[in-house]
Amino acid sequence: MTCLRRSRRILPVIEPAVPYHLSYSPRVIQAFATLVTGITDPNLQKQVVVAAKDMDYRLRTYPQFGEPLRDLSLEGLCQWIGAVPPLVVQYVIDEVRRQVFVGLPISLMPRLAEPD
Amino acid sequence: MKEDIAMSQTIDALLEPNLGQPLSTKVANDLDALCETIAGIVAMPELGGKPGVDQKLLLQLIHERIAKHQAKLEAMHRQYPARPVDPALREWALQQFSEEEVIASIKEIRETGGLTFDDLLAALPPHLTRD
């Protein structure tokens, strides 16, 4: 069964109640800094930073808040997408190792990213 | 043991309408394991179980602490609620990066050890990261 088909139907397993280990790639860090510093509206800048904090918390605590996006041909992993407006994050959950990877740049919601 | 299962099933039933049965079972197990960890600290003879420690007060303080964290986090989630991912957003996301790019990004993180949210904040102008 693919992760898309099982979606939220994860088999119940007893596992240690520890947060997911969340890692960002250097590319994500750099791209996020570029994104934030490129925003000219100070209010939106602050919103983005606070939303990023919320997103980080969700990803460590309950990454299933998002939706499965596609199956990967690597170790049966699945790519997910989560929206914490004004941000969108794509990530990969490794349930076995209880890890979450954020390796792709965090984006503004597409509508917000479009020029006026 | 029967009580443990009953408690977990009760939590499970509370969560089920929102999470779906198997996932709510997973979260119920996590919550139960956290409760066990707290109980272990309260009961350990060298810690909360040490003679002279007011366990009732200790449990009350733990409860208050949880409530404080809960209030803070609920405020944060209210401010920035996650939203369902609609088909247009899914389609947009799938067009952004290929599967190969996704896998390469995982390998990069594994090879470099990955970075934390503190690293992410450190890369931002300081005035934006002050609480």
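The values are calculated or read from the model by the stated rules, or taken from the named source; none is laboratory data. Since we're looking at a predicted model, the values are computed, not measured. Here the Cβ is made from the backbone with ideal geometry for all residues, glycine too, and neighbour counts use every protein chain on show. All accessible areas refer to the heavy atoms of the entire protein, side chains included, with ligands and DNA or RNA removed. Shrake-Rupley method; radii C 1.70, N 1.55, O 1.52, S 1.80 Å.
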Of the residues in the range B:102-126, those that are more than 7 Å from chain A (Cβ to nearest Cβ), closer than 17 Å to A:Pro26 by Cβ and either part of a helix (DSSP H, G or I) or in contact (Cβ under 8 Å) with a residue 24 or more places away in the chain (or both) come to B:Ala104, B:Lys107, B:Arg110, B:Glu111, B:Asp118, B:Leu121, B:Ala122
Mind listing whichever residues of the range B:101-131 are open to solvent by less than 50 Å² (accessible area, probe 1.4 Å) and within 16 Å of A:Val89 (Cβ to Cβ)?
-> B:Val102, B:Ser105, B:Ile106, B:Ile109, B:Gly114, B:Phe117, B:Leu120, B:Leu121
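If you go through the range B:83-100, how many residues are more than 7 Å from every other protein chain (Cβ to nearest Cβ) and either among the hydrophobic types (A, V, I, L, M, F, W, C) or open to solvent by 50 Å² or more (accessible area, probe 1.4 Å) (or both)?
Of the residues in that region, 8 qualify.
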Conditions (1) at negative phi; (2) open to solvent by 50 Å² or more (accessible area, probe 1.4 Å); number of the one not met by B:Gly49 = (2)
When restricted to A:Gln79, A:Gln90, A:Gln45, the only residue over 16 Å from B:Asp119 (Cα atoms) and part of a helix (DSSP H, G or I) is A:Gln45
So, in the range A:60-82, of the ones that are within 10 Å of the chain's Cα centre (by Cα) and within 14 Å of A:Leu104 (Cα to Cα), which residue ends up most open to solvent (accessible area, probe 1.4 Å)?
-> A:Trp80
Given the conditions (1) part of a helix (DSSP H, G or I); (2) modelled with pLDDT of 90 or more, every one holds for A:Leu4 apart from (2)
Is it true that some residue in the range B:11-23 is open to solvent by 90 Å² or more (accessible area, probe 1.4 Å), charged (D, E, K, R) and out of contact with any strand residue (DSSP E or B) (no Cβ under 8 Å at 6 or more places or on another chain)?
-> no
For A:Asn43, the lone unmet condition from (1) under 14 Å from the mean Cα position of the chain (by Cα); (2) open to solvent by 30 Å² or more (accessible area, probe 1.4 Å) is (1)
